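To start, the structure under review is shown below, and the notes come after it.
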Amino acid sequence: MHFYTVSFWIFWHSESMKSKKSIKWAAILISQIFVFPVVALAQTPTLVYSNSLAAPGESGNGFRIQYGGAMGTGTLPGNLLTLRMTYPHGATVSSIADSLSDTYILGVSTDSGSGGWVTALYYVPGVAAGVKQITITFSSGVTDWHGAVQEYSGVTASTPGDGSCSNHSTTVKCSAAITTTGNNDLIVASAIGLGSGIRGNTMTSVAPGGGFFLDSADTNCSDADEESVQASAGSITPAFAITGNSEVFNIVGMAFKASAGAGTNPTGMYILHEQHLQIGEGSNTQVSYFVSSGNLVVASSDVGSTNSGGNIITIDTCTPSNTWTKRTPSGTDMPQILFIPSAAVSTNLQCTVHSSQPTDTGIIVVYDVVGAASSPEDVDSAGLYASGTALTNLPDITPTAQPGIAFAAENTGTGPSTAVGSGFLWDNTPYTGETDQGQLNNGDGWQHFFYTSTSQIPFSWTQAVSSSTMQAFAIAFKAGNQGAPTTVAVTVSPATDSINVDTTLEFAATVTGSTNTSVAWSTTCGTINSSGLYTAPSTASSCTVTATSIANGADSASANVTVSAGPPPTVVVAISPASGSINVNTTLQFTATVTGSTNSSVTWSANCGTINSNGLYTAPATASSCKVIATSVANAADSASATVVAIAGPPQTVVVTINPRSQSISVNRTLEFTATVTGTTNTSVAWSATCGTINSSGLYTAPSTTSSCTVTATSIANGAYSASASVTVRRRH
């Protein structure tokens, strides 16, 4: 058992926070002793804490990751600490330094080349207790940066690396497998999409590779982290399934050797996952991932509830089903905190985030909490505001029960926030060059505090601009019953089965003795995904499928699968439309349906004209009779074809219109444009802008200086036709 003594100042004032009169401050020094029982348990590799950050979208250096860890004490002794980060090609990492002067070992990296990005994974084996800050310094400022930190127990402290892999490709998968040498290896992997910048490079969805589960995912930055425990030594290839982003992705993966009993697991009420999710600009809704392994999920947003006419944040439509509770104090521009009590756990929890002001950027800091009470909300603070450099009791909160964790967020007019009170855990990542426009922290701030008494908790902040008015809000959540640990039991169904080669079988796992019923799936041959869908290998084999408890990696159950060489499946491919007639140089969309195989993918081809991987056919420039073919990926002997007649029709009169035709917005804000094309079946356009940037969907981002810009939509069918709109870029108010 470890005892930590923390001293901090509590402040109060004699006038209302809303008064413009002089404020008289007084202070008393209070000391508390926090008792955190920390016990090293025998286990296979187990996640202790994960923190995935946002991206600044502006030049910076000296990125200082604040590391509270699972229990607010920094790293726990003997664990593996990993650091994944992405930065521009050509940048040089000068140093990685933490508060205990650890040595960070480069495990694997990949570089997409000139104009691209580097993704690297560093690690510290057998880390000492108490690392609370990690600083990454480059030889000069970098245009953008992204980082994530994970901590694991159950990994050997002596030369733990057991292989690595990497790739940069539109196929988000390592270019070669990792071949491990020992059982129960920890496999970690990270992927990130490579746009012109990291921030705002969106994807629609992400799923981990077979046998892996997510530690974090951000659809607004197209990044994700995954992990798996490989039950038996052998080859494994980390991968992700991405939709809504066809750009090149960097992926890095590494295996670490297991050591039963190594390291330290957290106990009591603690934070397992922390994610900094960006609220996307230009859309009222976005699907976000809230990795949930505990029994309380807290989503803390800095976006002011009445900012620019009222930016109301709501979260709903969750898979699996969860219901969010929202708390917003009365007052102008107050932060918003949402939470799920007794959360239905899922490392792939997906919910829809709604923003009533999509041009108002924001961050949601998500905390996945273990050990909370079933009805965890204890007390909410008032919504308070003040201006100045050092702001104390903003707010304060007095819990009625202990122990617990209190979370606070602030929204200030002009940031950034630069510090919090001693003993409190700052959730920002400050950096040299940070401005109010930087999206790593959005110019605002978050912090939390582990408490073991019902004394008043005084949140305090320091901000860069003393004239800026800050609004702040906090909620205290209480712990559940801290009695003796329960016994976790795992069962797998079916326990035995026989299937043919290259066929599938659905497994289910039941976990009792823990509110965290998630498992990690693995197999000795064949593959199995995170939902328990097993795919047999292509040769006759005897395989073992294992489900390992996420709550306790020492608890698992296995099933035996006998794979027989049965008759090959009958695959049928159908193509739609079966025939078509279009003008030369125009397009026609084809779709293919595959039955008789779990692999429904096809390869498209055409003997004249061209067709892309999505089945979009483009007719040749001369009149022709062409054949379009869809070939099964599962069995290349099975295909279907359609006939297309390309005719030399009369010249097309193409008309392009753009909406809106003119608009005025603030610097660095976004605006959605739409284009309508008539006179051709190909209604696609190419977007361009004389200043600022615009993506292929028409989402325009204003430049950082006042300007008069022109946005143009040009017909893909005929580049001679286009339409333009004017944009006046003004200073931000």
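Quick note: the coordinates plus some simple rules give every number you see, no bench work behind them. Predicted model, so just to flag it, every value in this text is computed and none were measured. Don't worry about glycine lacking a Cβ; one is built from the backbone with ideal geometry, like all the others, and counts go over all protein chains shown.
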No Cys partner within the rule (Cβ under 4.7 Å), the chain = CYS221
task = Provide the per-residue ³J(HN,Hα) series for segment 163-168, in order, calculated from phi with Karplus coefficients 6.51, -1.76, 1.60 and θ = phi - 60°, each as a whole number of Hz, with x at glycine and proline positions.
result = x, 8, 7, 6, 5, 9
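To the nearest 0.05, how large is the calculated FRET efficiency for THR674 and SER581 if R₀ is 35 Å and r is the Cβ-Cβ distance? Show your work: numbers first, answer last.
Details: r = 30 Å, r/R0 = 0.85.
Result of the calculation: an efficiency of 0.75.
Explain nothing, just the number: relative contact order of segment 489-564, from Cα pairs under 8 Å at least 6 residues apart, as a whole percent. All intermediate terms of the calculation are to be shown ahead of the outcome.
Values: 186 pairs, mean separation 29.9, N = 76.
Across segment 489-564, relative contact order equals 39 percent.
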remark   = For SER387, other-chain or 5+-apart residues with amide H closer than 5 Å (H placed, Pro excluded) are MET470
inquiry  = Under the rule of at least 5 residues apart or a separate chain, name every residue whose amide H is placed under 5 Å from the amide H of ASN583.
reply    = ILE647
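At a 10 angstrom cut-off on C-beta neighbours, averaged per residue, how do the peptides 341-349, 164-172 rank from highest to lowest?
Working: 341-349: 21.6, 164-172: 19.1.
Ranked by mean Cβ neighbours within 10 Å, highest first: 341-349, 164-172.
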request  = Could you go through segment 600-616 in sequence order and give the Karplus-derived ³J(HN,Hα) for each residue, using 6.51 cos²θ - 1.76 cosθ + 1.60 with θ = phi - 60°, rounded to whole Hz, and x for Gly and Pro?
outcome  = 8, 6, 10, 10, 8, 8, 8, 7, 7, x, 9, 9, 8, 5, 9, x, 8
query = Full extension from SER330 to SER467: what is 0.36 nm times the residue separation minus their Cα-Cα distance, to one decimal in nm?
reply = 47.1 nm
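Can you list the chymotrypsin sites (Phe, Trp or Tyr not before Pro) in segment 374-476 that are in a DSSP coil and have 10 or fewer other beta carbons within 10 angstrom? Please list the in-between numbers first.
On the way: sites: TYR385, PHE407, PHE424, TRP426, TYR431, TRP446, PHE449, PHE450, TYR451, PHE459, TRP461, PHE473; in loops: PHE424, TYR431, PHE459.
For chymotrypsin sites (Phe, Trp or Tyr not before Pro) across segment 374-476 that sit outside H, G, I, E and B with at most 10 neighbouring Cβ atoms in 10 Å, the list is empty.
Suppose a student asked you for the relative contact order of the chain, using Cα pairs under 8 Å spaced at least 6 residues apart; what percent would you report?
Details: 2234 pairs, mean separation 75.8, N = 733.
Averaging sequence separation for qualifying contacts and normalising by length gives 10 percent for the chain.
Taking Cα atoms of the chain, Rg/Rh with Kirkwood Rh, to two decimals? Numbers along the way, then the final one.
Working: Rg = 27.5 Å, Rh = 27.6 Å.
Checking Rg against Rh, the ratio lands at 0.99.
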task = Take a quick pass over the chain and tell me how many lysine pairs come in under 27 angstrom between Cα atoms, counting only ones 8 or more apart or on separate chains.
result = 5
ask   = Hey, got a sec? Which GluC sites (Glu not before Pro) in segment 206-304 land in a DSSP loop and have at most 15 other Cβ atoms within 10 Å?
value = GLU247
remark   = For SER684 and THR181, extending 7 Å from Cα along the Cα-Cβ vector and measuring point to point gives, in nm, a value of 5.0 nm
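Can you classify segment 286-434 as rounded, prolate or oblate using the Cα gyration tensor, where a ≥ b ≥ c are the square roots of its eigenvalues, rounded means a/c under 1.5, and otherwise it's prolate if a/b beats b/c and oblate if not? Intermediate values should be presented prior to the final figure.
Details: a/c = 1.63, a/b = 1.23, b/c = 1.33.
It is oblate, given that a/c is not under 1.5 and a/b is not larger than b/c.
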ask   = If we restrict to alpha carbons, what Rg and Dmax does segment 572-647 come to, in Å?
value = 12.2, 39
query = Given THR180, THR159, LEU81, which one lies farthest toward the positive end of the charge dipole of the chain, if we put +1 on the Cβ of every Lys and Arg and -1 on the Cβ of every Asp and Glu?
reply = LEU81
ask   = If each of SER453 and VAL572 carries a label point 7 Å out from its Cα toward its Cβ, how far apart are those two points in nm?
value = 7.5 nm
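For segment 617-687, which trypsin sites (Lys or Arg not before Pro) pass both filters: DSSP loop (anything but H, G, I, E, B) and at most 16 other C-beta atoms within 10 Å?
Sparse-neighbourhood loop trypsin sites (Lys or Arg not before Pro): ARG661.
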message = Starting from the 7 Å offset along Cα-to-Cβ, what nm value, one decimal, do you get for the label separation of SER94 and SER558?
response = 5.2 nm
key: For SER666, distant residues with modelled amide H under 5 Å away   = ARG730
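Given a Förster distance of 22 angstrom, what is the FRET efficiency for THR319 paired with ASN481, based on the Cβ-Cβ distance and rounded to 0.05? Please report the intermediate quantities before stating the final value.
Values: r = 30 Å, r/R0 = 1.34.
It comes out at approximately 0.15.
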Residues of segment 231-253 with amide N under 20 Å of a point placed 7 Å along Cα→Cβ from LEU533 = 237-245
request  = Work out how far the C-alpha atoms of segment 489-564 reach from end to end along every principal axis, then list the three figures in whole Å, largest first.
outcome  = 38, 18, 17
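Give me the number: length gained by fully extending VAL645 to ALA565, i.e. 0.36 nm times residue separation minus the C-alpha to C-alpha distance, one decimal in nm.
On the way: separation 80, 0.36 × 80 = 28.80 nm, distance 4.40 nm.
Additional length available on full extension: 24.4 nm.
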query = Can you list the HN-Hα couplings for segment 361-369, worked out from phi with the Karplus curve (6.51, -1.76, 1.60; θ = phi - 60°), rounded to whole Hz and with x for Gly and Pro?
reply = 5, x, 10, 10, 8, 10, 10, 9, 9
request  = Let me have the relative contact order for segment 572-647, percent, based on Cα pairs under 8 Å that are six or more residues apart.
outcome  = 39 percent
remark   = Length gained, THR610-THR705, 0.36 nm per residue minus C-alpha separation, equals 29.9 nm
